[in-house]
Amino acid sequence: MCGIFGYVGATQAGGEIILDALRKLEYRGYDSWGDAVADVPDAKIGFGHTRWATHGGVTDENAHPHLDCTGRFAVIHNGIIENYRVIKDRLIARGHLFHSETDTEIVAHMIEDAVADDPDRDLVSVVREVFAQLRGLNAIIVMDNHTHQLTAVKNVSPLVLGEGDKGFYLASDALALIGHVDRIHYLEDGQVARITADGVSLWSATTGATQAPNFEPLTLTATDTSLGIYPHFMIKEIHEQPDVLRRIGREYTDPVKELAALIRESYGAFLVGSGTASYAALSGSYLFSRIARRHVNFTVGSEFKYQEHFITDRSLVIALSQSGETADVIESVMAAKQRGAKIAALVNVRGSTLDRLADFSIPLGAGPEQCVLSTKAYTAKIAILLMVAHELNGSLHVARELLWQAVDGVEQAIAPESANLIRTIAASIVQREHAFIIGRGLSYPTALEAALKIKEVSYMHAEGFAGGELKHGVIALVEKGTPSIVFSPLDETRDDILSGAMEMRSRGGMIIGVSPERDRVFDAYIPVADVGDASPIVNVIPAQLLGYELALLRGHDPDKPRNLAKSVTVK
Ligand code: AGP
């Protein structure tokens, strides 16, 4: 999952335009970056790439763009060409010299091959021909140093086309076009775009028929993507949660009612998501059971295909995703669609693949989330699922009341006093290698999400468990001083989870209690508001902050953790 960007226009293309765009796309991969400008008198054409390594190490040779043997064609790419190996062997046998270990480089040589007999062949038909041979989810931009045009094509991996007064742009994410364009077109799967100084043209990659762009206004602004007063996007986005939750409580009645109606009509509903989104989905499954007395299945995106067999044309699949580009979730949705299921989506990025694939899509309205760690999109998903569960139970007003309490609870949890407490606790455990996090019921998915936040950004091995699973093996890992975070809301899980805490303490665990009420088993206590079934929203905030503080103490960049990227567009 890389970030790609291209530009043709009246302004000098090299330098700032590409660099500025790659900075905005860096959350998609930050192993290496590269750019190229066509050497025409005033260089009005250029493109760039920021990489998340999938094929080949983090080396200069593997950094994009990749050229063919003649140097005429340069290629940048986001995705994985699943059948690149056989094609590469064929090209090597035909005498092509490769300089990188990447899958991407084959595309440049395939194009070189395709124009070998006729260098003036129309590049759009060449790119169509080459793209038809590639397997996998890919977005590709080709720069031709002879005709000074960019040709782009995509299949699932995102690509946005932008038109501004200074030129035409292509990018993996509309974020990179802020300040350059006021209207955008989301390339459809199997759509080819050619950009020259004179304008943009679109074709179907399969039929070759010309197509018209479907431009829509770009609503994102520079404020959405700037740090403002904050040192990192992670802490900025944590602090944006109260406003996001307030807006959901105020403005989401209609979409909530519509999703509830879809669930009622369906014969079996299924929640699916990956990573943090999967923990929001799991929380949803608990909320639907507790509040709506309704069983809604849940699975992680990468496992869906092994459990999809009972999906029918009466099923509803509810897909959760911040980026709307996670390949495992997209693949699940496509498989469910093939079985005739209806698709609903809770997605943050408008115009993303999931947003466009879904029959019914609820935008999270959390604003751009640029820190690789998902925070505000997570609590936004849970807030919407809480409202849907109460709508199914005919008690939507209760959900709204709980959300207002949760807003206050989040504001309390991010207030300077709480932040200082978390900073102190972080300092007391920063040297520890392992941490365990337990919760029961609704707090079980919260424990999983808390562990993920700490793992992702501090690289401390944190593991979340269902509190009842402790004595079935996990407790063997607890030793003197092991940080043990215990989510203990004032609900039916309290007694059992506190006895779990007691068991960990008797093995030397250092108990960090997250609860509306202190208990003497706690060595450290993080007070949180008592917000009933909205507890997953409030209780996760201390874990978000703890991860952030541990990252700072350990000298890590909270926004760009190693080996990760914001949207995982590869399977
Ligand atoms: C969360 O902090 C991670 N970045 C990751 O687990 C993420 O939640 C997962 O990749 C799913 O992303 P999505 O919500 O964009 O689909």
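The values are calculated or read from the model by the stated rules, or taken from the named source; none is laboratory data. Computed from a predicted structure; not experimentally measured. For neighbour counting, all protein chains shown are included, and Cβ atoms are generated from backbone atoms with ideal geometry for every residue, glycine included.
Scanning the range 328-345 for residues that are more than 10 Å from the ligand (Cβ to nearest atom) and of a type in the set (A, V, I, L, M), which turns out farthest from the chain's Cα centre (by Cα)?
Per the stated criteria, the residue is Ala341.
Is it the case that Val75 is modelled with pLDDT of 95 or more and either among the aromatic types (Phe, Trp, Tyr) or assigned to a strand (DSSP E or B) (or both)?
Here the answer is yes, as Val75 does meet what is asked.
In the range 362-398, what residues are more than 14 Å from the ligand (Cβ to nearest atom) and free of Cβ contacts under 8 Å to residues at least 24 places away in the same chain?
Result: Gly394, His397, Val398.
Only strands (runs of 3 or more DSSP E) wholly contained in the range 314-388 count here; list those with 2 or more residues that are buried (at least 24 other Cβ atoms within 10 Å of the Cβ).
316-321, 342-347
Can we say Thr70 is polar (S, T, N, Q), modelled with pLDDT of 95 or more and touching a helix residue (DSSP H, G or I) at 6+ places or on another chain (Cβ under 8 Å)?
Spelling it out, Thr70 is indeed polar (S, T, N, Q), modelled with pLDDT of 95 or more and touching a helix residue (DSSP H, G or I) at 6+ places or on another chain (Cβ under 8 Å).
Quick check: anything in the range 86-95 closer than 29 Å to Leu373 by Cβ, assigned to a loop (DSSP other than H, G, I, E, B), free of Cβ contacts under 8 Å to residues at least 60 places away in the same chain and in contact with a helix residue (DSSP H, G or I) (Cβ under 9 Å, 6 or more places away or on another chain)?
Checked against the condition, which is being closer than 29 Å to Leu373 by Cβ, assigned to a loop (DSSP other than H, G, I, E, B), free of Cβ contacts under 8 Å to residues at least 60 places away in the same chain and in contact with a helix residue (DSSP H, G or I) (Cβ under 9 Å, 6 or more places away or on another chain), the range 86-95 yields no hits at all.
Which one is nearest to Ser100 (Cα to Cα), of the residues in the range 52-63 that are at pLDDT below 95 and in contact with a Phe, Trp or Tyr (Cβ under 8 Å, 6 or more places away or on another chain)?
His55
Within the group Ile512, Ile526, Ile497, Ile485, which residue is modelled with pLDDT of 95 or more and under 21 Å from Thr276 (Cα atoms)?
Ile485
Filter the range 317-327 down to residues that are more than 8 Å from the ligand (Cβ to nearest atom) and either at pLDDT 95 or above or touching a Pro at 6+ places or on another chain (Cβ under 8 Å) (or both), then give me how many there are.
Residues meeting the conditions: 3.
Going by what's in this entry, would Leu287 be described as within 17 Å of the chain's Cα centre (by Cα) and not aromatic (Phe, Trp, Tyr)?
Here the answer is no, as Leu287 does not meet what is asked.
Based on this model, can you work out whether Pro445 counts as in contact (Cβ under 8 Å) with a residue 24 or more places away in the chain, within 21 Å of Thr379 (Cβ to Cβ) and part of a loop (DSSP other than H, G, I, E, B)?
When the stated conditions are applied, Pro445 does not pass them.
Looking for whichever is assigned to a helix (DSSP H, G or I) and over 30 Å from His232 (Cα atoms) here; the options are Ala451, Ala534, Ala501, Ala543. Which one fits?
After ruling out the rest, the residue left standing is Ala501.
Give the residue, chosen from Thr225, Thr210, that is over 29 Å from Ser332 (Cα atoms), in contact with a Pro (Cβ under 8 Å, 6 or more places away or on another chain) and either away from the ligand (no atom under 16 Å from the Cβ) or acidic (Asp, Glu) (or both).
None of the others qualify; the one that does is Thr225.
Would you call Ala534 crowded, with 17+ Cβ neighbours inside 10 Å, within 16 Å of the ligand (Cβ to nearest atom) and within 26 Å of the chain's Cα centre (by Cα)?
no
Take the residues in the range 299-310 that are outside any helix (DSSP H, G or I) and at pLDDT 95 or above, then tell me which one is nearest to the ligand (Cβ to nearest atom).
Val300
State whether one or more residues within the range 269-286 are assigned to a helix (DSSP H, G or I) and away from the ligand (no atom under 16 Å from the Cβ).
yes
Per-residue answers, yes or no, for (1) surrounded by fewer than 20 Cβ atoms within 10 Å (Cβ to Cβ); (2) among the aliphatic types (A, V, I, L, M); (3) more than 16 Å from the ligand (Cβ to nearest atom):
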residue: Ala450; (1), (2), (3): no, yes, no
residue: Ser458; (1), (2), (3): no, no, no
residue: Glu463; (1), (2), (3): yes, no, no
residue: His472; (1), (2), (3): yes, no, yes
residue: Leu477; (1), (2), (3): yes, yes, yes
residue: Ser484; (1), (2), (3): no, no, yes
residue: Leu490; (1), (2), (3): yes, yes, yes
residue: Thr493; (1), (2), (3): no, no, yes
